[in-house]
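Below is one structure, written out as structure tokens; comments come after it.
Derivation of every value follows stated rules applied to the coordinates shown; laboratory data play no part. The model shown is predicted, which means the values in this text are computed figures rather than measured ones. Neighbour counts run over all protein chains shown; Cβ positions are idealised from the backbone, glycine included.
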């Protein structure tokens, strides 16, 4: 089975007086892969803009917007229709023997390709992230999938989800100290912990399909906005999803847009404006995803 979905993402910036806009960078277009394909997409702005597309160093689709006139309000609207094939359980992709226990043994070619995703990025000045990580492998706890599952479950069970409109991501140490955070904070904590176990891990920005929006019984945490999770590279299975916010590793709910070494590389919309320092009034973001229908299973 595959799911046909419709997505609309609207970002609105408001100002007390007309301001000028510098170049903006938009990352919203889902990645084409074995997990899905694009059917159509559209990018609209409320003021005239020159738009050009490029593919960044990690093959993410990026739109560069140059605005032609000042305004008191900037509205950027993305619309996408796509087909999502879903992600199968890791058990459907038997791990190679070298990946079943920690530390995972990568080949020389894998090390070359994955080095940027293995090396920790965030500092750990008080050692709290390292201490937290070691608890998952203490004693004889070295089964790779078991460690990853317990780490994801622990984040979900022991931390309080808090939506935060401010841009940016907490450091992993802050997330541990506050015992709370957003989906981006949860993903970033797990990424940096997993990297300290020698596994290649990358940040994923995208969208979360919530069946409750279409009348389903179960609501997802973090729906109605962009979402973030992580992928771990496991020999034999490849890049596999882990979403600590909702304890998801498979299914049709995660729609990836961009991958990165760290969260700051894949902000959905970023840019600059020029005007009076007190002109900025705020930003609103709305995201709506609807399932339009399903298609029958086919061999792939």
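The table for this structure:
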read-out: Computed FRET value (nearest 0.05) for residue 112 with residue 59, which takes r as the C-beta separation and R₀ as 25 Å; value: 0.90
read-out: Where labels lie 7 Å past Cα in the beta-carbon direction, separation of residue 146 and residue 16 in nm; value: 6.1 nm
read-out: Extension gain from residue 283 to residue 8, taking 0.36 nm per residue of separation minus the Cα-Cα distance; value: 97.3 nm
read-out: Ordering of 39-47, 8-16 by packing [mean C-beta count within 10 Å, highest first]; value: 8-16, 39-47
read-out: C-alpha long axis of helix 183-195 to longest principal axis of the chain, angle in °; value: 40 degrees
read-out: R0 of 30 Å, Cβ-Cβ distance residue 162-residue 81: FRET efficiency to nearest 0.05; value: 0.40
read-out: Degrees between helix 108-118 axis and first principal axis of the chain (Cα, 0 to 90, nearest 10); value: 60 degrees
read-out: FRET efficiency for residue 23 and residue 123, using Cβ-Cβ distance with R0 set to 30 Å, rounded to 0.05; value: 0.50
read-out: Residue-span extension gain [residue 105 to residue 174] - 0.36 nm each, minus C-alpha spacing; value: 21.8 nm
read-out: Gain in span if fully extended, residue 153 to residue 98, counting 0.36 nm per residue against the direct Cα distance; value: 17.4 nm
read-out: Computed [θ] at 222 nm, deg cm²/dmol, the chain (DSSP H ≥ 4; -39,500 (n - 2.57); rounded to nearest 500); value: -5500 deg cm²/dmol
read-out: Spacing of the two label points (7 Å from each Cα toward its C-beta) at residue 73 and residue 39, in nm; value: 3.0 nm
read-out: Over the range 90-264, volume per residue of the alpha carbon convex hull, in Å³; value: 121 Å³
